[in-house]
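Okay, so here's the structure we're looking at.
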Amino acid sequence: MQSVSVADAAEREDLLDVLEGATELATKSGMNANFVPGMVTILNGDDLLQRGARTVWESLALVPGLSLGLEMTGERQVLSRGVGHGYASGNIKIMLDGVSMNSSLFATANSVLNIPIEQVERIEVIRGPGSSVHGEYAYAGVVNVITRTGERQLRLQASEDGGSGLGGIWYWDDPERDLSLSLNLTGLESNDAGVRVNEDALAALGESYLSNAPGHSNEAQRYKAAFTNLQWRGLFLDLKLIENSYGDYFGVNHFLPPADNNLASLQHTVLAQLGYDPRLSATLSARLRLEFLRQERDRDQLYVFPASYLADEPIYMDQDYQETRHRGLADIFWRPNPDHTALFGLELSRISIDQAKWEWTNLPFEISSTWLDTDHDRTILGLVVQDEYRASDQLTLTATLRYDDYSDAGSLLSPRAAAVWRIDDANVLKFQYARAFRPPTFYELEYAAQVDLDASEIDTFELGYILTKPNWEARATAFHSDLTNPVLFDEITEDGYVNAEDVRLRGVELEYIQRLGSQLKIDANLSYVDAVRPGSDTALPGGARWLGNLGLLWRPHERWLAALQLHYVGKRHRLDEAVYSDLDDSTTLDLTLNYQTLAKGMSLHAGVKNLGNTRVYYPQILTSFGGVDLIYPDGYPRAGRRWWLSVSYAF
């Protein structure tokens, strides 16, 4: 194989950066990320692997303004600009190859966040509201995960806590008939011992003798996924199957589960999408989609109470839930001239609850077999009108208006007005106003503490600046957001969900990329947000005011790359500021060594996460539950230093 110089490798990376900078996430029309309204971050899958990111969830911590969280039973959280910390309540729209994956039960998409990075081509992220284009749950941000296709690869991966397994990608194409087929498969399994827990809720109740603590959280997991894509000319068919199972971590009531590696939470996802992109005329084109999404969330032997607490034997719960969504959408693009693009969109969705049952083992009293009203079916009609107008070579104006009508949550409007001024080849100035909404989920409606639970809305103003030079690039974003009627669990009464006090966000996000010759690249970002409730002058819990990332990539040879990734999370606010101090800040360092051929052949990625073995904690979701006060005064502990390995062969 012909040798490739270090300089050629660096130039290739720069070219890929340019090609992958194009995105349809912000406007659906497709353009360079630097020129779309608002700030869009594009994470390249190969780059993420080289930096040591192991899942989609981990990768999002590299985005300015985004931080991670965890619920007591292992549900992943992502906070955008301080918003998103809550019990069973997602606030970011998560998509897989353009299809919304948020369940209407919790508005979360754990199975997508747990996708290993080896299956990912890139991740596109909108920081801030995106409802004007993407509708429900595009409230605090939008994440679109693009899976790998068009490759032939076999893969083996292992890690100290993420499991071991196999994967592969295969494709076939017939250029003469414009026909192609791609398969992307992965299977992983882990009996991870979790992290050590010295005391659980039973210590606070004075009943430590009933506890499994001291012990380890149950973080066993199993992940299986098959992504299939068939394309013929302008027609395509996507089929995705995901089985994501994991343990019950710290226990649903903060009673530490037994260390038996029980896969207490099982999530099954079946997604089918049929699409066609016809060219209707020289000025008209269309995008047509039909989607089917079935999501099952089963709890199998979820540990609820220890023996001798309410009964002689331990009490377990089996909880089954299934919902189905049918969705059709049509987008019409009208381009009368190169400077003008209009979008007219129509969407219709029908979400139905197929099953919501539970069973209890050893419960000393009777309880209903259903835990959710299956009549919470939802029909959504969405209409979108967008106009992109290039007023001059330097100035582009975008206006978007979306109307959504919910059968159970009323009607909502999501407007957006934006301007992008390309001052010259190096300087770009952006301004955007956008409103987004978040309807109550089925779970929030079922356990609402008030008669009418309204949708939450957010109004955001953003000012962005981009400076691009041959060897470096800098970005700055300032934002102000007002959240109205956020839906949260009532921590005081514990009666259920309410429209809580309004919230104000103010902050700035800074980004910098520098290439020092052909061998060294440095990138960094720093975020600050002041998230407060003006009415009570209290901080919004869960988020950190300061977030930072610093990456150093060194390529001493065309086949070798070393990466150091520093991640900083500032102090996080607690749910009850009067009682508990802020959660301590943390700084972690990841080291990754990469050997990778630039064409076919062997690739090796090996690394150490949290090289300095820093103590890391995530904020607890609830200050009390069932009358039990805060159990983990330092938050949920996370794993320390750990190794990982990924080996692949491209053919």
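The values are calculated or read from the model by the stated rules, or taken from the named source; none is laboratory data. For clarity, every value in this text was computed on a predicted model and none was experimentally measured. Methodologically, a virtual Cβ is constructed for each residue, glycine included, from the backbone with ideal geometry; neighbour enumeration extends over all protein chains shown. Keep in mind that these areas ignore ligands, DNA and RNA; they rest on the heavy atoms of the full protein, side chains included. Shrake-Rupley method; radii C 1.70, N 1.55, O 1.52, S 1.80 Å.
Over the chain, what percent of the accessible surface lies on carbon and sulfur atoms, probe 1.4 Å? Ligands and nucleic acids excluded, carbon and sulfur give 55 percent.
Backbone N atoms of the range 373-399 closer than 12 Å to the 7 Å Cα→Cβ label point of Tyr465 are not found in any residue. A P(r) calculated from all alpha carbon pairs of the chain, with 20 Å bins opening at zero, reads 18, 55, 25, 2 percent. Given R0 = 22 Å, the distance between the Cβ atoms of Arg350 and Thr370 translates into a calculated FRET efficiency of 0.55.
Helical content of the chain, expressed as a calculated mean residue ellipticity at 222 nm, amounts to -1500 deg cm²/dmol (DSSP H runs of 4 or more residues, -39,500 (n - 2.57) each, divided by residue number, nearest 500). On a per residue basis, the range 376-494 carries 44 Å² of accessible surface, using protein heavy atoms and a 1.4 Å probe.
In this simple spin-label approximation, Ala478 and Ala391 carry label points 7 Å from Cα along the Cα→Cβ vector, and these lie 2.1 nm apart.
Ignoring lysines fewer than eight residues from Lys28 along the same chain, the ones with Cα atoms less than 19 angstrom from its Cα are Lys93, Lys430. Cβ-Cβ distance of Glu199 and Trp170, R₀ of 51 Å, FRET efficiency by 1/(1 + (r/R0)^6): the value works out to about 0.55. Multiplying the residue separation of Leu284 and Arg506 by 0.36 nm and subtracting their alpha-carbon distance yields 75.8 nm. Computed from Cα positions, the angle between helix 6-19 and the longest principal axis of the chain comes to roughly 80 degrees.
Counting only residues at least eight positions apart within a chain, or on another chain, the aspartates and glutamates with an alpha carbon under 17 Å from that of Lys469 are Glu11, Glu13, Asp14, Asp17, Asp424, Asp425, Glu511, Asp523. If R0 equals 41 Å, the separation of the Cβ atoms of Phe431 and Ala307 corresponds to a calculated FRET efficiency of about 0.10. Using θ = phi - 60° in the Karplus curve 6.51 cos²θ - 1.76 cosθ + 1.60, the 3J(HN,Hα) couplings for the range 91-105 round to 10, 10, 7, 10, 10, 10, 6, x, 9, 5, 10, 5, 6, 6, 6 Hz; x is entered for Gly and Pro.
Straight-line cross-link partners of Lys609 among the lysines, defined as a Cα under 25 Å from its Cα and at least 8 positions apart when in the same chain: Lys224, Lys521, Lys571.
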